[in-house]
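Let me begin by presenting the structure, written as structure tokens, before commenting on it.
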Amino acid sequence: MKALAAEFFGTFWLVFGGCGSAVLAAAFPELGIGFAGVSLAFGLTVLTMAYAVSGISGGHFNPAVSLGLAVARRFAWKQLPGYWIAQLAGAIVAAAVLFAVATGKPGFEPGGFASNGFGALSPGGYGLQAALLIEIVLTAGFLIVILGATSSAAPSGFAPVAIGLALTLIHLVSIPVTNTSVNPARSTGAALFAETAALPQLWLFWVAPLVGAVLGALIWSFLLMPEERRT
């Protein structure tokens, strides 16, 4: 239960901090933090919460990460359903709290509410194929960073820094394309409160990150993992 609670609070922090930066601060008149600020906010949520609770749950905060770690034999398959439920719950509660805060401003309209999308819902107007490809590639890269940074061959104590910076980089690249998911729980929480067609497009932000996570885990396991780690 402590591990599930850690995943709930970690995912809550990621969605509330990351999506909150987009909803509340990105376009604030004259002082808005923009794409770069939102990217950094997502990275900081993972970095800080990984240091806080990774010793309890492993610090996944993402159904795709949990799946990738299971494929790479770093995580027990039997724990996957519980982690997914905790992560989804954390994301939905975070989005609900963020919605309650945001609607405290008179005249607030949720609009996209930091949700993900393609076509008309893509910040840059990118289509389905571009969205699918970038989400798969970036999630695969994210899993490779996670597996490498947490391996015995990596310097100890710095994994959260590498993982947080990787998520920042991912957002810097892909916010214009899909508003960046690489995390089905994050996408689900935001889509539930958006006033757009985010929910009908949500399938892509489950399929692509999960496929990318499996791909990244396989690349790590068969091409990159240090020989002493192979069992």
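The values are calculated or read from the model by the stated rules, or taken from the named source; none is laboratory data. Just so it is clear, the structure is predicted and the values come from calculations on it, not from any experiment. No Cβ is skipped: glycine too gets one built from the backbone with ideal geometry, and neighbour counts run over all protein chains shown. Accessible surface is based on the protein model in full, side chains and every heavy atom, while ligands, DNA and RNA are left aside. Shrake-Rupley method; radii C 1.70, N 1.55, O 1.52, S 1.80 Å.
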Notebook entry, point to check: Quick check: is even one residue across the stretch 23-34 among the aromatic types (Phe, Trp, Tyr), open to solvent by 60 Å² or more (accessible area, probe 1.4 Å) and part of a loop (DSSP other than H, G, I, E, B)?
Noted result: yes
Check: Only one of these conditions is not met by Ala100: (1) outside any helix (DSSP H, G or I); (2) without any contact (Cβ under 8 Å) to a residue 60 or more places away in the chain; (3) closer than 30 Å to Phe28 by Cβ; (4) not hydroxyl-bearing (Ser, Thr, Tyr). Which number is it?
Finding: (1)
Check: Taking the stated definitions as given, is Ser39 polar (S, T, N, Q), within 12 Å of the chain's Cα centre (by Cα) and either over 23 Å from Val211 (Cβ atoms) or open to solvent by less than 70 Å² (accessible area, probe 1.4 Å) (or both)?
Finding: yes
Next item on the list: Quick one: in the stretch 159-211, of everything that is among the small types (Gly, Ala, Ser) and in contact with a Leu (Cβ under 7 Å, 6 or more places away or on another chain), which residue is surrounded by the most Cβ atoms within 10 Å (Cβ to Cβ)?
Entry: Ala185
Check: Tell me, which residue of the stretch 66-110 that is of a type in the set (Phe, Trp, Tyr) and at pLDDT 95 or above is most open to solvent (accessible area, probe 1.4 Å)?
Finding: Trp77
Item checked: Inter-residue pairs, beta-carbon under 8 Å, first touching a residue at least 40 places away in the same chain (Cβ under 8 Å) and more than 17 Å from Gly164 (Cα to Cα) and in the stretch 17-33, second aromatic (Phe, Trp, Tyr) and assigned to a loop (DSSP other than H, G, I, E, B), 6+ apart -> Val23/Phe113
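Is it fair to say Gly55 is small (Gly, Ala, Ser), under 21 Å from Pro160 (Cα atoms) and loosely packed, with under 14 Cβ neighbours inside 10 Å?
yes
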Next item on the list: For Phe113, work out the one condition from (1) open to solvent by 30 Å² or more (accessible area, probe 1.4 Å); (2) assigned to a loop (DSSP other than H, G, I, E, B); (3) not polar (S, T, N, Q) it doesn't fulfil.
Entry: (1)
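Among the residues of the stretch 125-144, which ones are in a helix (DSSP H, G or I) and open to solvent by less than 50 Å² (accessible area, probe 1.4 Å)?
Hits for the stretch 125-144 are Ala130, Ala131, Ile134, Glu135, Ile136, Leu138, Thr139, Ala140, Gly141, Phe142, Leu143, Ile144.
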Next item on the list: Name, by its number, the condition in (1) open to solvent by less than 10 Å² (accessible area, probe 1.4 Å); (2) in contact with a Lys or Arg (Cβ under 7 Å, 6 or more places away or on another chain); (3) over 22 Å from Glu135 (Cα atoms) that does not hold for Val15.
Entry: (3)
Note to self: Would you confirm, using the coordinates I've provided, whether Ala140 is closer than 17 Å to Leu14 by Cβ and modelled with pLDDT of 95 or more?
What the structure shows: no
Check: Given the residues Leu210, Leu223, which is the only one that is over 24 Å from Met49 (Cα atoms), in a helix (DSSP H, G or I) and of a type in the set (A, V, I, L, M, F, W, C)?
Finding: Leu223
Next item on the list: Looking at (1) in contact with a helix residue (DSSP H, G or I) (Cβ under 7 Å, 6 or more places away or on another chain); (2) under 17 Å from Ala70 (Cα atoms), find the lone condition where Gly189 falls short.
Entry: (2)
